[in-house]
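Everything on this sheet refers to the single structure shown next.
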Amino acid sequence: MAVAVLRMRDLFAAVMLFAIYSLVSASLFAVLDAGDVALTEAAVGAGISTILMLVALSLAPRHEDRGRGRNLTALVVVLVTGATLVYATWDLPPFGAADNPIHQHVAPYYLEESYKDIGIPNVVASVLASYRSIDTLGEVYVIFTAGIGVMMLLGATRKRRRQPADEPIEGEEGE
Amino acid sequence: MKTNGILRVVTRFLIPLIMLFALYIQFHGEYSPGGGFQAGVIFAAAWILFALVFGLDEALAVIPAGAQKVLASVGVMLYSTIGVLGVVLGGQFLEFTPLIPGSPQGAQQAGIVLVELGVGITVAAVVMLIYTLFADRLRVVAESNREEID
């Protein structure tokens, strides 16, 4: 699926394939009993990002440009990085084993004590909002900054274009 | 798309349900999968659906661009205020326990609900804002193309 997305020259079809890819990942998360992640992937990955990419696509030409020849340096960099990552996976503990480091650190505390501490059954919510609240605050700042970034990129051009037209009041709400 | 009767009727039927589902995800997130991020995105999706079927102007009449900008800041401010409130009431930054003295569990739950509400408001407003900006830009480009043809 990912290879199909990469090879696709028609960007509209690529966006659609990308949405299907997200939906398949969401079902995979649902099968793995990760309800929160599945919900996020379905809503954000398959839903909103597809819509936003389609809106962006309506501003751009539909077909990708043919690349200018081949870039050998890029190929070497990609191969070396990939080989390093594959080599690193050999040192990872076996998938799903109970004595993996990830299950030894804070995870048992969260699973055992969060109901006593907070009194809500969804551990994901209590980790996200209470134990790891500063992380979530950072994420909200990231989203806010993204909104400001898009506003500066697209809103500013709109103001400049609108001002010669006969709408002087419209331009003021741009800040 | 404004003239398609089936689309209009089905959208009118669907949008309240989507918004209700978003609110359920938002406020039931402590008991079932969900939370501010997902709820915000789903709420914004309902609004975008409205904008797609009935046009951007109609949608902006419901939630103007200015309101989206204000709401995006309100969510971030709500989250940060809760964090600072923990400090003011004698705890650490983003510590919820001092919010309601004597009931650590209740305080935690209140803190989580408020914080998730802040997340939800910001996410919904930012997604709507990004859509508005793109759609508006599209209109400007279309207008300038028309002027060039004239």
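The values are calculated or read from the model by the stated rules, or taken from the named source; none is laboratory data. Just so you know, these numbers come straight off a predicted model, no measurement behind them. Cβ: placed from backbone, ideal geometry, glycine included. Neighbour counts: every protein chain shown. All accessible areas refer to the heavy atoms of the entire protein, side chains included, with ligands and DNA or RNA removed. Shrake-Rupley method; radii C 1.70, N 1.55, O 1.52, S 1.80 Å.
A few comments on the model shown:
- When only the Cβ of Lys, Arg, Asp and Glu is charged (+1, +1, -1, -1), the dipole of segment A:1-67 relative to its Cα centre reaches about 320 debye.
- Taking both sides together, the accessible area buried where A meets B is about 4300 Å² for a 1.4 Å probe.
- Over chain B, DSSP H runs of length four or greater, each weighted -39,500 (n - 2.57), average out per residue to a 222 nm ellipticity of -28000 deg cm²/dmol.
- Here the simple spin-label model places points 7 Å from the Cα toward Cβ, and for A:Ala98 and A:Val77 these points are separated by 4.6 nm.
- Computed about the Cα centre, the dipole magnitude for segment B:5-149 is approximately 180 debye when only Lys and Arg (+1) and Asp and Glu (-1) carry charge, each at its Cβ.
- Remark: segment A:42-52, residue by residue, has Karplus-estimated 3J(HN,Hα) of 5, 6, 7, x, 7, x, 5, 5, 5, 4, 5 Hz, where x stands for each Gly or Pro and the curve is 6.51 cos²θ - 1.76 cosθ + 1.60 at θ = phi - 60°.
- Residue-by-residue Karplus 3J(HN,Hα) for segment B:135-146, coefficients 6.51, -1.76, 1.60, Hz, glycine and proline x: 5, 5, 4, 4, 5, 4, 4, 4, 4, 5, 4, 5
- Summing +1 for each Lys or Arg and -1 for each Asp or Glu among the other residues whose beta-carbon sits under 15 angstrom from that of A:Tyr21 gives 0.
- For A:Leu28 and B:Arg12, the FRET efficiency from 1/(1 + (r/R0)^6), where r spans their Cβ atoms and R0 equals 41 Å, is about 0.75.
- Taking the inverse of the mean reciprocal distance over all distinct Cα pairs, the Kirkwood hydrodynamic radius of the protein assembly as shown comes to 22.7 Å.
- In chain B, a dipole from Cβ-located charges (positive for Lys and Arg, negative for Asp and Glu) runs towards its positive end, and of B:Phe96, B:Leu7, B:Leu85 it is B:Leu7 whose Cα lies farthest in that direction.
- Helix B:65-88 vs. chain B, principal-axis angle (Cα, 0 to 90°, nearest 10): 10
- Relative contact order (%) - criterion: Cα under 8 Å, at least six apart; region: chain B: 26
- Measuring between their Cα centroids, segment A:79-124 and segment B:1-60 lie 35 Å from each other.
- Pair-distance profile P(r), taking every C-alpha pair of segment A:1-67, with 5 angstrom steps and integer %: 4, 19, 23, 21, 15, 9, 5, 3, 0
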